[in-house]
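One structure is given below, encoded as C-alpha cells.
The values are calculated or read from the model by the stated rules, or taken from the named source; none is laboratory data. None of the values given here were measured: they were computed from a predicted structure. In this analysis, Cβ positions are derived from the backbone assuming ideal geometry, glycine residues included, and neighbour counts consider all displayed protein chains.
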Amino acid sequence: MLEIRHLTKVYPNGFKALDDLSLTVGSNEFVVVIGLSGSGKSTLLRCINRLIEPTSGQVLLDGVDITAAPPTALRGLRRDIGMIFQQFNLVKRSSVMTNVLSGALGAVGTLPSLLGLWPPAVRDAAARNLALVGLADKATNRADALSGGQQQRVAIARALMQEPKVLLADEPVASLDPATSHSVLDYLRDLNRERGMTILCSLHFLSLAREYGTRIIALKDGRLMFDGKPADIDDARFKQIYGEDAVEVEIR
Ligand code: ADP
C-alpha cells in the first residue's frame, strides 16, 4: 500500500506545485492521474520516488517512510518503485538487451555491469521481460532503431528488472499515436491485473484515463480535486477539472 500524507512541494522560485496532498493507493489499483498541464502530475509522481525532493509531507510504501530514508536506504526502497517516462529515457546507442539489463544495475553493481558481467539469472530475467513486452526478437537491435511504442515497451521491460511493487508512469504515451498508445497501456494493464502491480500513470487524454484507470485522481493547482471511479467524471466534473474550453483532452 502506498500512502501519501500531506505532500507539499515548493520549488526554489517559491512556486507551490503540490499543496498538502493526501492519498492512499491500495495494491492492485491502476490509478490514472489527470489534470491540465502544470497541475502538478509530474511533480507528484517524482516526489513519490524522490526524483524530486518533497518540501514536506510523507510517502510510505508498505509502512516504510520513503521520505525519511537516508541515501543508502533510499536506494533499496527505490527498487520497489519502477518508473517510465514520456521520452522513454533509453540509452539510444546501446542494444535493447543492454538497456533492459541496466534495470538491474541497483542489484548487480556498476563495475560488473560496465564490464557486461551480468549474472545468468539476470540475463534470463531480462530475456523474460523482453518477451513479456513482445520484443524477444529485438534484443540485439540498437534502441534508437525501434519505433516509439517499441522503445516504451523496452522501458517497461527495464523497469520490470527491479521487480517493483509500484510502477510510476509519467505521461508514458504522450509522444505516441493512438493505436500505439493502446498497445503500451495494454501492457501496463496486464501488469496490474496479472501481477498485482500498483500503477500510477499520468495521462493527457480523458478517454484513455477512463478506459484504463480503475481509479482516477485529478489535480488542479497541486491539489486533489477529484478522486473516484472513471464513470463518476460527468460533464460538470470534467469542466471543473479542465475548464470550459478544454476540448482536446477528449479526442483520443
Ligand atoms: P504537470 O505534470 O501536471 O504538467 P508539473 O508537475 O510538471 O505539472 O508542474 C507543476 C507546476 O510546477 C507547473 O506550474 C510548473 O511550471 C512548475 N514547475 C515544475 N518544475 C519546476 C521547477 N523546477 N521550478 C519551478 N517551477 C516548476
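Couple of notes before you dig in:
- Taken over the range 53-86, residues that are within 16 Å of the ligand (Cβ to nearest atom) and within 14 Å of the chain's Cα centre (by Cα) amount to 4.
- Looking at the range 91-158, the helices (runs of 4 or more DSSP H) lying wholly inside it that each contain 3 or more residues that are touching a helix residue (DSSP H, G or I) at 6+ places or on another chain (Cβ under 8 Å) sit at 96-101, 105-108, 120-132.
- When each of I241, I216 is tested for being within 16 Å of the ligand (Cβ to nearest atom), assigned to a helix (DSSP H, G or I) and either touching a strand residue (DSSP E or B) at 6+ places or on another chain (Cβ under 6 Å) or at positive phi (or both), the lone residue that passes is I241.
- Index of the failed condition, T24 passing every other in (1) touching a Gly at 6+ places or on another chain (Cβ under 7 Å); (2) more than 11 Å from the ligand (Cβ to nearest atom): (1)
- Verdict on L36 being within 16 Å of the ligand (Cβ to nearest atom), under 21 Å from A159 (Cα atoms) and assigned to a loop (DSSP other than H, G, I, E, B): no
- Cβ-Cβ under 6 Å pairs, at least 6 apart or on other chains, the range 50-73 side closer than 14 Å to L2 by Cα, far side of a type in the set (V, I, T) and in a loop (DSSP other than H, G, I, E, B): Q58/T67; V59/I66; V59/T67
- When Q152 is tested against (1) in the same structural domain as T8 (by TED's automatic domain parsing); (2) in contact (Cβ under 8 Å) with a residue 60 or more places away in the chain; (3) closer than 25 Å to L2 by Cβ, only condition (1) is not met.
- The numbered conditions (1) closer than 18 Å to D170 by Cβ; (2) within 12 Å of the ligand (Cβ to nearest atom); (3) assigned to a strand (DSSP E or B) are all true for D19 except (1).
- Put simply, of A169, A143 the only residue that is in contact (Cβ under 8 Å) with a residue 40 or more places away in the chain, among the small types (G, A, S) and in contact with a Cys (Cβ under 7 Å, 6 or more places away or on another chain) is A169.
- Note on the range 196-213: among residues that are of a type outside the set (A, V, I, L, M, F, W, C) and within 12 Å of the ligand (Cβ to nearest atom), the one that is surrounded by the fewest Cβ atoms within 10 Å (Cβ to Cβ) is H204.
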